[in-house]
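Everything on this sheet refers to the single structure shown next.
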Amino acid sequence: AYLLGLMRFCTVLAALDTGSSFEGLGASREVTFAVLAEPALLLGLAALARRAGAFSLSEVYGAVRLFDFGPTGGLPLILIGAAFFVVYLAENARIPFDDPNTHLELTMIHEVMVLDHGGPDLALVHYAAALKIWVLGALVVGVLLPMRTGFLALDLVSSFTGMALLAVATGCVESTMARLRLSRVPQLLVTATVLSTLALMLVLR
């Protein structure tokens, strides 16, 4: 989580270094929404860690099983998966939080921060964004579609299938919803935090 935060910090510094007022505006929005999204991610990970009784990410996700309807499975996992999906959309500048294809600086968040970048710098920014969407997508798939057979080939196929389904779900969201007003974005992120908090409370009881 803090490695992703460090990446965001460097991107924000690069945006502010250009001296552009538009990029400064995008950087401010990026940091504001990140502050609201991180509690949902961290509380969701805390709930998973408490459920597994471990702090290692591999052990935490190794304890998640498909069709787990136990007292610490089922509803808590659905709540965590929903919260992670909201964070996944927000952190990767997808609709309904941001539109990566827009050209209106006043409505852009992430893309406005890289308007004045080009060449290798822009390539690194896009490559980092691709890694980020894969990492956060893997967190979502690991909670909602945990397929672990013990065979490497089957696990890889199931993981790639889950990522493909997540990509389809992202496309469905982007094709059926419009971008939210900026005043509505914090409300949705706070809702994700509430979902993670409820999951943690269910696991702790």
field: So Glu59, is it surrounded by fewer than 16 Cβ atoms within 10 Å (Cβ to Cβ) and either over 24 Å from Thr170 (Cβ atoms) or in contact with a strand residue (DSSP E or B) (Cβ under 7 Å, 6 or more places away or on another chain) (or both)
entry: yes
message: Regarding the stretch 152-165, can at least one residue be identified that is touching a residue at least 60 places away in the same chain (Cβ under 8 Å) and open to solvent by 60 Å² or more (accessible area, probe 1.4 Å)?
response: no
- prompt: For the stretch 173-189, which residues satisfy the criterion of being of a type outside the set (Asp, Glu), part of a helix (DSSP H, G or I) and open to solvent by less than 70 Å² (accessible area, probe 1.4 Å)?
  reply: Val173, Val185, Pro186, Leu188, Leu189
- prompt: Is at least one residue of the stretch 7-20 under 23 Å from Met163 (Cα atoms) and either over 12 Å from the mean Cα position of the chain (by Cα) or among the basic types (Lys, Arg) (or both)?
  reply: yes
- prompt: Looking at this structure, is Val112 in a helix (DSSP H, G or I), modelled with pLDDT of 85 or more and open to solvent by less than 50 Å² (accessible area, probe 1.4 Å)?
  reply: no
query: Are there any pairs with C-beta distances below 7 angstrom linking a residue in the stretch 111-130 that is over 20 Å from Ser20 (Cα atoms) to a residue that is open to solvent by 50 Å² or more (accessible area, probe 1.4 Å) and at pLDDT 85 or above, with the two at least 6 apart or on different chains, and if so which?
result: Ala128/Met7
message: Looking at Leu204 and the list (1) closer than 16 Å to Leu42 by Cβ; (2) surrounded by 13 or more Cβ atoms within 10 Å (Cβ to Cβ), which single condition is not satisfied?
response: (2)
- request: Pick out the one residue from Leu25, Leu4 that is out of contact with any helix residue (DSSP H, G or I) (no Cβ under 6 Å at 6 or more places or on another chain) and under 21 Å from Leu166 (Cβ atoms).
  value: Leu4
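So for the stretch 99-108 (the condition being under 22 Å from Ala27 (Cβ atoms), touching a Ser or Thr at 6+ places or on another chain (Cβ under 8 Å) and surrounded by 12 or more Cβ atoms within 10 Å (Cβ to Cβ)), does at least one residue qualify? Reasoning before the result, please.
Initial filter on the stretch 99-108 (under 22 Å from Ala27 (Cβ atoms)): 99-108.
Those still in the list that are touching a Ser or Thr at 6+ places or on another chain (Cβ under 8 Å) too: 99, 108.
After this cut, where a residue has to be surrounded by 12 or more Cβ atoms within 10 Å (Cβ to Cβ) as well, the list is 99, 108.
Within the stretch 99-108, one or more residues are under 22 Å from Ala27 (Cβ atoms), touching a Ser or Thr at 6+ places or on another chain (Cβ under 8 Å) and surrounded by 12 or more Cβ atoms within 10 Å (Cβ to Cβ).
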- request: Answer yes or no: is there a residue in the stretch 8-25 that is assigned to a helix (DSSP H, G or I), open to solvent by 40 Å² or more (accessible area, probe 1.4 Å) and within 19 Å of Ile80 (Cα to Cα).
  value: no
message: Any residue at all in the stretch 73-90 that's over 29 Å from Ser183 (Cβ atoms), surrounded by 13 or more Cβ atoms within 10 Å (Cβ to Cβ), at pLDDT 80 or above and of a type in the set (A, V, I, L, M)?
response: yes
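What are the residues in the stretch 115-134 that are open to solvent by less than 70 Å² (accessible area, probe 1.4 Å) and either in a helix (DSSP H, G or I) or over 21 Å from Arg94 (Cα atoms) (or both), if any?
Narrowing the stretch 115-134 to residues open to solvent by less than 70 Å² (accessible area, probe 1.4 Å): 117-119, 122-123, 125, 128-130, 132-133.
Correct list: Gly118, Gly119, Leu122, Ala123, Val125, Ala128, Ala129, Ala130, Lys132, Ile133.
The values are calculated or read from the model by the stated rules, or taken from the named source; none is laboratory data. Just so it is clear, the model here is predicted, and its values are computed rather than measured. Every residue, glycine among them, receives a Cβ derived from its backbone with ideal geometry; neighbour counts consider all protein chains shown. Remember, those area values only see protein heavy atoms, side chains included, never the ligands or the DNA or RNA. Shrake-Rupley method; radii C 1.70, N 1.55, O 1.52, S 1.80 Å.
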